[in-house]
Amino acid sequence: MLNHYFKTALRGILKDKQYFLINVIGLSVALSIVILIALFVRDELGYDKWLTGHNRIYKLEATATPPGGAPVKVAYTPGRMAPELNTRFENEIEHAVRVYPNETSVRRGTSQFNETVHYVDQGFFDIFNIPFNMGASDAVLSNSNNIAISKSMATKYFGTENPIGQILDINHSPSASRIDYQVVAVFDDIPSNSHLNSTFIALLDPSRYVNWPWVTEDWNSLTNHTYVKFNETADITSFQNNFASFTRTLPITANNDADKTPRFTFSMINVADIHLKSTALRPLKPGGDIKTVNTFSMIAILILIMASINFTNLASAQAIKKAKEVSIRKVMGANRKQLIAQFLGETILTSFIAMIIGVAVVEMLLPLYNDFLGKNITLYPLSNPLEAITLLGFSLFVGICAGFYPAFVSSSFRPAKILLANKSDIPGSTKLRHILLVVQFTISIGLIISTLIIYAQTLYSQNIDAGFEKENRIVLSGSGFNQVAPASKLLKEQIANIPGVKSVGISSDSFPNQYGNFANFLLPESNNAEPVNIQTMYMDADFLKTYGVIPVAGRLFSNDFIGDFETIPENDNLPITRSAVVNEGLVKLAGYENADDAIGKVIRAANDRPIDITIVGVVNDLHTESTRQTPTPQVYFATEAGLDFITVHLNDAYNGEMGQRLERVWGQVLPDVPLISNLTTDVYDALYIDETRRTKIFATFSLLSIFISSIGLYGLAAFVAESRTREIGIRKVLGATVLDIVKLLIIQFSKPVLIANIIAWPVAYLNMEEWLSTFAYRIDISLAYFLFAGGITLLIAWGVVIGHALKIARANPVHALRSN
């Protein structure tokens, strides 16, 4: 019986190759998109679920509430947190460990690279069951001079040599000393779908940080990532309540004595939720976005709906064409179950063929897809039975869903009615097909509008006036704490002498801001009696000039004014003095009417010894972060000490020759510090990499949705043209022209597109308004986006239909009337 159904389905497919081809193309394109998105979603939702007992592993996050400022959640916690948890909650916690990430230089012989070493506590490998390729985890943390490296780092530093027992010379920040570490183990590269990015792991030895207690001992410094793994019997909800009480007893400084507001509060997040749900700043690895996952999932569903609509529309059209055949088969004794099985067999077989093609397309596109997303997603349906069963089950589901309506409608034909009426149509079927067309084009138009708005916002963000010049600026730095600062003045002098260098400035941070240092200030003319936490940045007198910053009031720093720099009187009773350049946000916060009113005014740093700061200049609110954020009040100080970033303004665009000159000077001055160089324009473009990717993905999906809609419309137009042959023949006999006939068919297919616009416009507007609301600086949604999307969709629909319309309009009506 099954063999008979298969043969019948195959004959039905071969009998009408055009509809079969249209169905397969549309469905295979849609299925390939759905598979690619499903792989992305699976990867995003699977972060850190490879860890044994991941549901019992939590990460602590701190929320810092600065005086006068908004709370800020960060991924770091105090260095004392993990040891204290092990002591206080030993009955509930298996392990609490610290991870201290240290950006530094790693050297082997003459090879030297910037790397990040993770210094960890005993118990780290009990929480994170990382597979080892060589050696064992026990040896790694048994000695503070041992180190484990990832498989990729073993290849990078040792090639084909055995790395076990080899020595790596590592700069041990924050000290300037270098320590020899012996490689005792090699672990497999941590899966890409993990928030961890460990490549070097060594023991965190508190005795090495005695002179830097903020690393391991200070409760008021956020320096470590803290992880907790609970016992299997632990009540995590109960622990969270006890933990909240425990943190209130910690020796953490209060913001002020009036309300005893703690400087830090703490929360926990499950390790599997970190990637998509954590909002903490400065994570070990950039996180994902649950909204993106949900959006992509919705797009996959919409694309699949569009393809299924094509399938249903064309299958129902075919069913109507076969109405007489079905009626005759019923007269000959075929029952309804047999007819349903036949029609479902055709749609399921088509779905299986489309799935095979879709999987082949995915396999071809995966390398490009991974490069685009920066992932390592794989699909192994031939070697993974679960994947194969999932794909087969999904194609079966699609085939049944798409063929369900046509199969049941076709099998319900009454032979006498169909044969006596001499027609092959079903009341209401045309209306249903038009409704399905409306749904298809609503999705397509919505995607086009979204693509246009996302692209426009991304373009706006990348080209907004930042308040400074980004072109032809390159920032030089080195990993590790305070590695560049001691030699920054010498580097500046030598770089300034390189041909092609226009100016050089040095600073404590770079544009855009990476670290965001803050300090407390008293603003005498504001309404804030308490100190206010304000972002600060230190720089030499040439830094702002190097970026082409122009003051809106007063002046910038100058070496000609000694008062611009910190002056410490010998009399301890007198305040330290210095100058500052501030932004307009600070002017408003301080209570001044305008920028000119702020010049010459004094604000005070709330330190142990007062620091009187005279405002000598005001600049625009510089956009040193994404346009999602409003620029915060900022204070800029002039200094020549502790500056790690060197900004170089080039006469012309950066090229390889200039790069070699900069590397040569850097190597002469800092031979032990590998150079890190970044063009300012590249760093700013990276702020919008998610928006750029989203634009490209939406554009791709929009084009594919139009393609799927168009081929479905093409097939439906062919059916309509064929089914209305006699009607059009009669119209021509009665005097209708070719233009009249073409207009008739174009109007018929324009109506669903116009109705789709009416539905898609408000839906797209509301969705895009919600998305744009996350930007502090955004575009206005113009009617032009909607008109363009609607117009281009209508033109495409006309282009698809007009070929069939011309063909049937030009046909000789005599042939049409004779054939009926």
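The values are calculated or read from the model by the stated rules, or taken from the named source; none is laboratory data. As the structure is a computational prediction, the values presented were derived from the model and not from experiment. Heads up, the Cβs are rebuilt from the backbone with ideal geometry, glycines too, and the neighbour counts pull from every protein chain shown. Note: areas computed on protein heavy atoms with side chains; ligands, DNA, RNA excluded. Shrake-Rupley method; radii C 1.70, N 1.55, O 1.52, S 1.80 Å.
Overview of results
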| quantity | calculated |
| --- | --- |
| Selection within segment 709-761 - surrounded by 15 or more Cβ atoms within 10 Å (Cβ to Cβ), of a type in the set (K, R) and modelled with pLDDT of 75 or more | K743 |
| Of all residues making up segment 489-517, the number that are at pLDDT 90 or above and small (G, A, S) | 5 |
| The one condition in (1) among the hydrophobic types (A, V, I, L, M, F, W, C); (2) more than 30 Å from N242 (Cβ to Cβ); (3) in a strand (DSSP E or B) that A62 fails to fulfil | (2) |
| Residue list for segment 593-614, restricted to those being closer than 12 Å to V582 by Cβ and under 40 Å from the mean Cα position of the chain (by Cα) | A595 |
| Of all residues making up segment 140-157, the number that are polar (S, T, N, Q), open to solvent by 60 Å² or more (accessible area, probe 1.4 Å) and either touching a residue at least 24 places away in the same chain (Cβ under 8 Å) or under 30 Å from L85 (Cα atoms) (or both) | 2 |
| Residue within segment 608-621 that is among the charged types (D, E, K, R), surrounded by fewer than 21 Cβ atoms within 10 Å (Cβ to Cβ), in contact (Cβ under 8 Å) with a residue 12 or more places away in the chain and over 30 Å from I454 (Cα atoms) present | yes |
| Residues (in contact with a Lys or Arg (Cβ under 9 Å, 6 or more places away or on another chain) and over 17 Å from F128 (Cα atoms)) located in segment 68-98 | V74, A75, Y76, T77, G79, M81, P83 |
| Cβ-Cβ under 7 Å pairs, at least 6 apart or on other chains, segment 196-222 side in contact (Cβ under 8 Å) with a residue 24 or more places away in the chain and open to solvent by less than 50 Å² (accessible area, probe 1.4 Å), far side basic (K, R) and assigned to a strand (DSSP E or B) | L204/R98 |
| Residue match in segment 227-237 (condition: part of a helix (DSSP H, G or I), among the polar types (S, T, N, Q) and in contact with a helix residue (DSSP H, G or I) (Cβ under 7 Å, 6 or more places away or on another chain)) | no |
| Neighbours by Cβ (under 6 Å, 6+ apart or cross-chain): first from segment 555-574, polar (S, T, N, Q); second not in a loop (DSSP other than H, G, I, E, B) | T567/T577 |
| Residue among A96, A64, A75, A82 that alone is in contact with a His (Cβ under 7 Å, 6 or more places away or on another chain), open to solvent by less than 30 Å² (accessible area, probe 1.4 Å) and farther than 21 Å from H172 by Cα | A75 |
| Strands (runs of 3 or more DSSP E) wholly inside segment 160-213 that include at least 1 residues being out of contact with any helix residue (DSSP H, G or I) (no Cβ under 9 Å at 6 or more places or on another chain), over 22 Å from F128 (Cα atoms) and of a type in the set (V, I, T) | 167-171 |
| D564, sole failed condition from (1) at pLDDT 80 or above; (2) of a type in the set (D, E); (3) under 22 Å from A70 (Cβ atoms) | (3) |
| Test: residue in segment 73-87 that is modelled with pLDDT of 95 or more, among the basic types (K, R) and more than 13 Å from F230 (Cα to Cα) | no |
| Wholly enclosed strands (runs of 3 or more DSSP E) of segment 450-548 bearing at least 1 residues free of Cβ contacts under 8 Å to residues at least 24 places away in the same chain and closer than 18 Å to N583 by Cβ | 517-522 |
| Residue list for segment 627-651, restricted to those being more than 33 Å from the chain's Cα centre (by Cα) and either modelled with pLDDT under 90 or closer than 30 Å to Q462 by Cα (or both) | F637, A638, E640, A641, G642, N651 |
| Flag for T442 being within 27 Å of F296 (Cβ to Cβ) and either without any contact (Cβ under 8 Å) to a residue 40 or more places away in the chain or surrounded by fewer than 23 Cβ atoms within 10 Å (Cβ to Cβ) (or both) | no |
| Some residue of segment 306-328 being more than 16 Å from the chain's Cα centre (by Cα), at pLDDT 70 or above and under 30 Å from K229 (Cα atoms) | no |
| Among (1) at pLDDT 90 or above; (2) surrounded by fewer than 21 Cβ atoms within 10 Å (Cβ to Cβ); (3) closer than 24 Å to N270 by Cβ, the one test that S137 misses | (1) |
| Selected residue [open to solvent by 10 Å² or more (accessible area, probe 1.4 Å) and modelled with pLDDT of 90 or more] from E663, E593 | E663 |
| Enumeration of residues in segment 433-474 that are hydrophobic (A, V, I, L, M, F, W, C) and touching a strand residue (DSSP E or B) at 6+ places or on another chain (Cβ under 6 Å) | I474 |
| Qualifying residue in segment 179-190 (condition: modelled with pLDDT of 90 or more, open to solvent by less than 40 Å² (accessible area, probe 1.4 Å) and closer than 19 Å to D48 by Cα) | yes |
